[in-house]
């Protein structure tokens, strides 16, 4: 249940007015900075239009070049982490074990 608010007495109102006049804002509003006017764009600064190649109405457009985003097999393999046990990797890095030249992936050899 909410409490009824009592009316504010004139003495309290005057006291509050005195306090409010002496209070300072923690973060006073700064005057708005005026933005400099944008410089007009000179016509010679604009990029010239790219001339269109001649065409005929109804002529098929050349096929757009597709981007090949997939890495090559060699790049993909070079980025893969080493998948061998620690002892074999250590002996290979120290020169005691020669790496194999071929990997057999269940009948699919990768050289």
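Values computed for the structure shown
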read-out	value
Filtered residue count, region 71-81, keeping only those that are assigned to a loop (DSSP other than H, G, I, E, B) and loosely packed, with under 10 Cβ neighbours inside 10 Å	3
Some residue of region 27-43 being within 33 Å of the chain's Cα centre (by Cα), closer than 30 Å to residue 99 by Cβ and assigned to a loop (DSSP other than H, G, I, E, B)	no
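All of the numbers you see were taken from the coordinates with simple rules; none came from a lab. Since we're looking at a predicted model, the values are computed, not measured. Positions of Cβ are backbone-derived with ideal geometry, glycine not excepted, and every protein chain shown enters the neighbour counts.
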